[in-house]
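Worksheet for the structure shown next.
The values are calculated or read from the model by the stated rules, or taken from the named source; none is laboratory data. In this text the structure is predicted, and so the values were computed from the model without any measurement. Every residue, glycine among them, receives a Cβ derived from its backbone with ideal geometry; neighbour counts consider all protein chains shown.
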């Protein structure tokens, strides 16, 4: 049984879903909004995440996670021309993540992989990326909140609705 791998996938699913729900709420113009010149837009953060995903997870177990073909600095240049292109790349990056993780077995978690020529256990490399992606998805969601303001659809329990949520959640029989 691969309960650790199943749990890891569940965590990646959770953060991907948060990102998906945020991207659904934003227009392409909103995805390109920057608060100032030194900040990143949602579009740029997505581009960076995709570049990281493709580099880290392509041939995950047999090649260094920092690929020669990765152009990290270019990830911080806005080049998407429409929302469909951005979403397609977002999905491509996530597919690369899942294609690398789903075949793993629990015993693989102790294997050694490299990122920038530094050794990591597979478990450490996965947790490193899980932290990296959750960090950026939090940024994406926060930018979404700023842009949408009162039109923002909460990704979890909306402010002021915890009591109602808990009473509904815990009044139902467990299944």
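Of the residues in segment 59-73, how many are in contact with a helix residue (DSSP H, G or I) (Cβ under 7 Å, 6 or more places away or on another chain), in a loop (DSSP other than H, G, I, E, B) and without any contact (Cβ under 8 Å) to a residue 40 or more places away in the chain?
Step one: list which residues in segment 59-73 are in contact with a helix residue (DSSP H, G or I) (Cβ under 7 Å, 6 or more places away or on another chain), which gives 60, 65-67, 70, 72.
From the residues that got through so far, the ones that are in a loop (DSSP other than H, G, I, E, B) too are 60, 65-67, 70.
So of that shortlist, the ones also without any contact (Cβ under 8 Å) to a residue 40 or more places away in the chain come out as 67, 70.
So the answer is 2.
What are the residues in segment 73-83 that are farther than 20 Å from residue 63 by Cβ and surrounded by 14 or more Cβ atoms within 10 Å (Cβ to Cβ), if any?
80, 83
Checking residue 172 against (1) loosely packed, with under 14 Cβ neighbours inside 10 Å; (2) more than 20 Å from residue 14 (Cα to Cα); (3) in contact with a helix residue (DSSP H, G or I) (Cβ under 8 Å, 6 or more places away or on another chain), which test does it fail?
(3)
Take segment 1-34 and flag every residue that is part of a loop (DSSP other than H, G, I, E, B), surrounded by fewer than 14 Cβ atoms within 10 Å (Cβ to Cβ) and at pLDDT 95 or above.
Selection gives 27 alone.
Can you name the residue in segment 84-122 that is touching a residue at least 60 places away in the same chain (Cβ under 8 Å) and closer than 16 Å to residue 43 by Cβ and is also surrounded by the most Cβ atoms within 10 Å (Cβ to Cβ) among such residues?
Across segment 84-122, the extreme among qualifying residues is 86.
Suppose we keep only residues that are within 17 Å of residue 24 (Cβ to Cβ) and surrounded by 11 or more Cβ atoms within 10 Å (Cβ to Cβ) within segment 147-169. Which one would you say is modelled with the lowest pLDDT?
Checking each candidate, the answer is 158.
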